[in-house]
Each structure stands twice: as C-alpha cells, then as structure tokens.
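Shown next, in structure tokens, is the structure this report addresses.
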Amino acid sequence: MALRRPMVAGNWKMNGSRQLADELVKKFAKLKDDSAEVLICPPTVFLESASRLLDESKQSLDGRLVRLGAQNVSHHEYGAYTGEVSASMLREFGCKYVIIGHSERRRMYGETSDIVADKFATAQKMGLTPILCVGESLAAREASRTFEVISGELDAVIEKVGTLAFDNAIIAYEPLWAVGTGKSATPEQAQEVHAFIRQRLSDVSPFIGEKIRILYGGSVKPSNAADLFSQPDVDGGLIGGVSLNASEFLAVCSIAMNAE
Ligand code: PEP
C-alpha cells in the first residue's frame, strides 16, 4: 500500500439528518493528518452545507483535507431528466469524487453495466473522479465465478472509455455478500481480487496498474481494517455503516494513515 496514498471513503447512503450531517462534518474537519486521503459522501441535499463547513474549518493552508463525494450521478450531462443530478452540479457543490455502480444501485435501481460505463464517462468528462464499484454475489463466489463477474464489470467500462481513463479513477472491490452484512471478506480474499484487478489494468498499462488505488468495501470496521489495509494491493476502504459513527470512522482513517 505504501506505493499509493491510501484513501478512506465514507458512504453515508440515505441516512442521517441535516443536524447529524453537520455534526459529523465538523468532527471530520478536525483531521490534520493527510497521509491518507479522507472522503465523505453524504446524501446530495447535505453536500452544500458539508462543503461550506469544510471550507470554514480551514484544515490546511491550501484548502481542505477532507474531500467531498457524491453517491450517484446522472449519465446525462443536462436536460429533461426529472429527479436526476448532473456531474457539473455536483462539482458546483464541492464534490471531487462520485461513487459509480454501487451494488445497491445496480441491484435495486436497474443500473446495467452499460449505464455504469456511461456514468463513469460523463463524470470524468465533467471533472469528477469516479470510484467504480465492482463485486460478485455470494452465488457467483460459490460457483467460482468471482473473476468472471469482476472482469465483466470492468470490461464494460474499459470498452467505453479505455484503460487509460483509469489514470483518473478509483476502483472499489465490494463483494455483495459483505456489503452491509457485518461479514467482511478475509484479507486474503480481498487481496486475491485486488491483485487480479490490478493485473488486468497492468496488462494494458503497467503505469496505471501500479498507480490506481483499489479500495476494499464490505463491513470494514476498526477491528478488521488493519489486517485488510496491510494487504499489498488494498489501498484503503469504502466504508458504509461505520462512516456514520465519527469515532469509529476516524479510527479506520487512522489505521489507513498508519498502514505499511
Ligand atoms: C458500502 O455501502 O459501500 C459498504 C461497504 O457498506 P458497509 O461498510 O456497511 O458494508
């Protein structure tokens, strides 16, 4: 992991209130260590106040240390798409990153790999860095189809934007059976898939393979983060449930900051 700056990204999903959001942001804004990049992805309607609070906190002389990301984005740039939010709007609200293809969106909102690839392309075009989520179901793992599923999800994006587009992207490996279940992948299971993803990118561009950050997501908590983050190809985590608990999230951040 030492080759790449680790990242810890908090995905709040559709949780909290304006009050909780403000309280969490104020606590995270006290971070002073930048040896890991810390990102929070609140619900869209809380982005503006989060952005303002982060700016007011003046974490460092040259800007904020805690980054803002969105949980979703439209694959269209603008237009008559009721209820959607565009990448340029998210930029205006202070976002640098956007989560793309989270398993909850693929499963519950019918996001196909094709739509995910379009979202990836639009986000990048409009200046956001996509965090592309990939991961297999329990049935796929049990049928020894993990690599096949991951390859399919990656290839859909690579076919649309090319491998070089991953120069400005992050990948999150999130096995569906570990997301929100309390049952994390073992460090060895995570490392095996992360190494596979890195190798696939390296086959086309060794530079990108070496450079890209691959986060692990799925029931990360303070008690398992150190073992996961110490794997050579695990560059930090995408954190769901625990990201709503300030002390636990900060503990995970601190583990990433000190990971070897
Ligand atoms: C997620 O939603 O991306 C996630 C990893 O959730 P959890 O940490 O709760 O498993």
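Overview of values
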read-out	value
Segment 219-236: number of residues that are within 12 Å of P187 (Cβ to Cβ) and out of contact with any His (no Cβ under 9 Å at 6 or more places or on another chain)	8
Residue count for segment 202-260, restricted to those that are polar (S, T, N, Q), farther than 22 Å from L31 by Cβ and either within 11 Å of the ligand (Cβ to nearest atom) or in contact (Cβ under 8 Å) with a residue 24 or more places away in the chain (or both)	3
Residue in segment 147-155 that is more than 24 Å from F207 (Cα to Cα) and touching a residue at least 40 places away in the same chain (Cβ under 8 Å) present	no
Close pairs from segment 177-192: first touching a residue at least 60 places away in the same chain (Cβ under 8 Å) and within 12 Å of the ligand (Cβ to nearest atom), partner open to solvent by less than 80 Å² (accessible area, probe 1.4 Å) and not in a helix (DSSP H, G or I), Cβ under 8 Å, at least 6 apart	V179/G135; V179/G217; V179/G218; V179/S219; V179/G240; G180/S219; G180/G240
Flag if S144 is open to solvent by less than 30 Å² (accessible area, probe 1.4 Å), outside any helix (DSSP H, G or I) and over 22 Å from I100 (Cβ atoms)	no
So L24, is it of a type outside the set (S, T, N, Q), farther than 30 Å from S151 by Cβ, assigned to a helix (DSSP H, G or I) and within 16 Å of the ligand (Cβ to nearest atom)	yes
Residues that are assigned to a helix (DSSP H, G or I), open to solvent by 50 Å² or more (accessible area, probe 1.4 Å), in contact (Cβ under 8 Å) with a residue 40 or more places away in the chain and not basic (K, R), drawn from segment 88-114	D114
Those residues of segment 180-220 which are β-branched (V, I, T), more than 16 Å from F147 (Cβ to Cβ) and open to solvent by less than 30 Å² (accessible area, probe 1.4 Å), in sequence order	I208, I212, V220
Matching residues in segment 225-239 - criterion: being assigned to a helix (DSSP H, G or I) and open to solvent by less than 30 Å² (accessible area, probe 1.4 Å)	A225, L228, F229
Subset of segment 154-176 [within 16 Å of the ligand (Cβ to nearest atom) and surrounded by fewer than 20 Cβ atoms within 10 Å (Cβ to Cβ)]	none
Verdict on L201 being among the aliphatic types (A, V, I, L, M) and part of a helix (DSSP H, G or I)	yes
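The values are calculated or read from the model by the stated rules, or taken from the named source; none is laboratory data. Bear in mind that the values here come from a model prediction, so they are computed numbers and not experimental data. When we count neighbours, we look across all protein chains shown, and the Cβ atoms used for this are built from the backbone with ideal geometry, even at glycine. Protein only, heavy atoms only, side chains kept; ligands, DNA and RNA dropped before computing areas. Shrake-Rupley method; radii C 1.70, N 1.55, O 1.52, S 1.80 Å.
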